[in-house]
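Q: This is the structure I have questions about; it appears just below.
What follows draws every value from the coordinates through simple rules; no lab data is involved. Here the structure is a predicted model, which means the values were calculated and not measured. Because the Cβ atoms are built from the backbone with ideal geometry, glycine has one as well, and the counts that use them run over all protein chains shown.
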Amino acid sequence: MKLVATHPYIQVIRKIEWNEQKYIETHHLIRLFDDRIITSNDEFLLEQVLDMSYRTNFLYLHTNRGLFSYNVKKNPNYFIRLFKNLKQ
């Protein structure tokens, strides 16, 4: 298992305390290895990931377990290109 690339993403949690709504941003990394993808909550073998796409501010992992979206600030095109090269 060799690390190929990483890309930052943000998880936004909405919390209500004392009748006040707060948004808490936590920063994480999605890590691409030569045989799998690991996020803070999930792990996918490359065989389970069917495709990866990007629309403004969202990176999408299309897997055999469903669609997973990640809020990203930076364009992940290089990360996606590395993933697609590994899948070939």
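Q: Lys and Arg at +1, Asp and Glu at -1: add these up for the other residues within a Cβ distance under 14 Å of Asp35 and post the number.
A: +1
Q: Counting only helical runs of four or more DSSP H residues, what would the 222 nm mean residue ellipticity of the chain come to if each run contributes -39,500 (n - 2.57) and the total is spread over all its residues?
A: Value at 222 nm, helices only, nearest 500: -4000 deg cm²/dmol.
Q: A follow-up question, please. Using the beta-carbon distance between Glu17 and Asn77 and R0 = 41 Å, what value does 1/(1 + (r/R0)^6) give for FRET efficiency, to the nearest 0.05?
A: Once the sixth-power term is evaluated, E becomes 0.60.
Q: Among 28-37, 45-54, 13-22, what's the highest-first ranking by average C-beta atoms within 10 angstrom per residue?
A: 28-37, 45-54, 13-22
Q: I need the calculated FRET efficiency for the pair Arg55 and Thr26, taking r as the beta carbon distance and R₀ as 22 Å, to the nearest 0.05.
A: Between Arg55 and Thr26 the formula returns 0.50.
Q: How far is helix 77-87 tilted, in degrees, relative to the longest principal axis of the Cα atoms in the chain, given as a value from 0 to 90 rounded to the nearest 10?
A: Tilt of helix 77-87: around 40 degrees.
Q: If you average over every viewing direction, what projected area does the convex hull of the Cα atoms of the chain give, in nm²?
A: Directional mean of the projected Cα hull area for the chain stands at 6.3 nm².
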